[in-house]
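Okay, so here's the structure we're looking at.
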Amino acid sequence: MIDWIAKNIKGDKTLWALIVIFAFISSLAVYSTSSNLEYVVRTGTTTAGYFFKHFFFVGLGISTAFVVHKIPYRFFRPASRLGLLLSVGLLFMAIFTGTTIKEANASRWINVLGFSFQPSAFALIVLMIYVASFLAKNHDKKISFKDSLLPLWAPVAVITALVVFANLSTALIIVFSVVLLAFLGGYPFKYLLYIAGIGIALGGLLFLFAKAFPDLAPSRFSTWESRIDSYFAQDENKKEIYQVELSKMAIAKGGIVGQGPGKSTMKNFLPQSSSDFIYAIITEEYGSMGALFIMALYFILLFRLVVISQQAATLFGQLLALGLGIPIMLQAIINMAVAVELMPVTGQNLPLISSGGTSIWMTCLALGCILSVSARKRKDGKMEKDKPEADVEEELAENIIKITKDEKQKTK
């Protein structure tokens, strides 16, 4: 077993260890909180059923990370363009034919082979890969704001526009992640100020439109408004205040060492205890020590992402590791901040821990890409230049043809 791991598991070993640790913690937490869904919400599925479903997605996520980390990350560059087209198509499907889950008044999910899939999570990953590719390609060039509008910001605008009405918090994470990666990638700061100005102006116009024509405004606008109002208001009857108050009660009951695994009582009253507010339940069961341990894991994850980026063989590898790591860290910070009422309720899962097949699967996909970056070492300790995209595309096509021929020969 050890020989197989040494031969087949490549890349940053600490990151692999973190994935396994998160998977273990996630399984314990979801098994505990799923009793809420069985006995309180009464969805018709047993606790064991939820556990095995979650275990399936954890296994799928780790398997995805394993397969993806075997692919040379240079091939992600041409694949990201195809991924963007696929993402746009899936997002349109979610808007017009999608379903709602857990009383969300927005179509965020589509059904794939009997499972619910959230296209915005996939769109975020391929967009970050695409932006990293663009920045690496133009790093040594003097680029104007006009020249970058169409190739860089148009895809960002399209993806954000398709996501924003169904999931405002995810849309904001997309925009913030892209802007931060662009800043780290050497994109001129004054152009980022232009983008920020345009974004604020468009947001202001949307707000004025919704206020002037409430009947024509998307239904999600009222949800955003109520969450912000609830955050600043003191009306305890409001749903968001109710959720946060229960979350803080769970955290307070946890004390230093917690109630013990599976002994949370607030999970039976707190909505979304297995997803949006799972951090509060973990704190109740494992106390402040458990909560700090979770935070420490994310800090270690952040540290490894920075190390992998700094040791990447090429500039694209550096930006890819950062670009895919930023959204994961933002989601973790937002989820924990909501649990202690530092932010309004957003609906963001705790990455690698909360229940939810799409979240775990896509996070592991992103980590698989980062592991691919860490698997390639620098030659003589020096950073290499990225291959021209045309050469990468040609190499990818040749590999696909070769694999296809080998599969045909095996079939015969």
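The values are calculated or read from the model by the stated rules, or taken from the named source; none is laboratory data. The structure presented is a predicted model; accordingly, all values stated were derived computationally and were not measured. Note: accessible area is taken over every heavy atom of the protein model, side chains too, but ligands, DNA and RNA are not part of it. Shrake-Rupley method; radii C 1.70, N 1.55, O 1.52, S 1.80 Å.
A compact table of results
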| item | result |
| --- | --- |
| Lys pairs under 19 Å by Cα in the range 307-410, provided they are eight or more residues apart or on distinct chains | 4 |
| Surface share of carbon and sulfur [accessible, 1.4 angstrom probe, percent] for the range 358-408 | 56 percent |
| Accessible area in square angstrom per residue, the range 255-394, 1.4 angstrom probe | 38 Å² |
